[in-house]
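Encoded as structure tokens, the structure appears first; notes follow it.
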Amino acid sequence: MAYIFQKNRNNIDWTQVTDLLNGFGLTDFTPAETKFAFENSAVNVFIVDGEKVIGCGRALSDGISQAAIYNIAVDEAYHRHGLGKQIISLILEETANCNVVLYTHPDTISWYEEQGFRRMKTGMAMYHPSHIEALIKMDFI
Ligand SMILES: CC(C)(COP(=O)(O)OP(=O)(O)OC[C@H]1O[C@@H](n2cnc3c(N)ncnc32)[C@H](O)[C@@H]1OP(=O)(O)O)[C@@H](O)C(=O)NCCC(=O)NCCS
């Protein structure tokens, strides 16, 4: 199937992106908040099948040495076709000179390891108090 891989936000339906992310519990954004978050991220990737956004990802970056990946998701009907890996690969193309960090669900650690990500010995985070309960529940921390 011919999907469109795009690194710009042209014609993106933010409700679809929001439904994709919220459906996996990755965010609890409104469509306006999703748009805001992607607009304020240096790297955006979307996969579109016809009229439908079926995959997305974004990275914050200083464009020179550091980047952080967030909101990687592929519509369940399209899993295991290599699309998730392509989203990561397209983000890494745009952050080629950077150390790229992320945190993820325990279930997807091995998926990122397969793609070359390593566990950090000294990675630390200051989580927002309003997120801590959910992060503990999902076994992130
Ligand atoms: C994680 C996710 C993006 C993977 O997308 P995908 O398009 O199905 O993955 P790909 O097809 O690129 O990769 C598939 C490969 O990874 C493996 N894989 C898929 N999900 C995996 C997981 N959770 N853990 C370990 N390996 C996994 C598959 O076995 C497959 O290997 P194979 O090709 O040898 O069979 C997708 O499952 C998803 O959207 N999950 C919900 C949201 C999420 O957890 N996002 C990441 C956390 S931020």
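Out of every Cα-Cα pair in the stretch 4-102, what percent are more than 18 Å apart?
For the stretch 4-102, the fraction of Cα-Cα distances above 18 Å is 40 percent.
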Dividing the helical contributions, -39500 (n - 2.57) per DSSP H run of n ≥ 4, by the residues of the chain yields a 222 nm value, nearest 500 deg cm²/dmol, of -9500 deg cm²/dmol
Apply the a/c threshold of 1.5 to the C-alpha gyration tensor of the stretch 60-122 and tell me whether it is rounded, prolate or oblate.
oblate
When we measure straight from the Cα of LYS52, which lysines land under 22 angstrom away, once same-chain ones fewer than 8 places off are left out?
LYS7, LYS35, LYS85
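None of the figures in this text is laboratory data; all of them are computed from the coordinates on show. It should be emphasised that the depicted structure is a prediction, and the values quoted were computed from it without experimental measurement.
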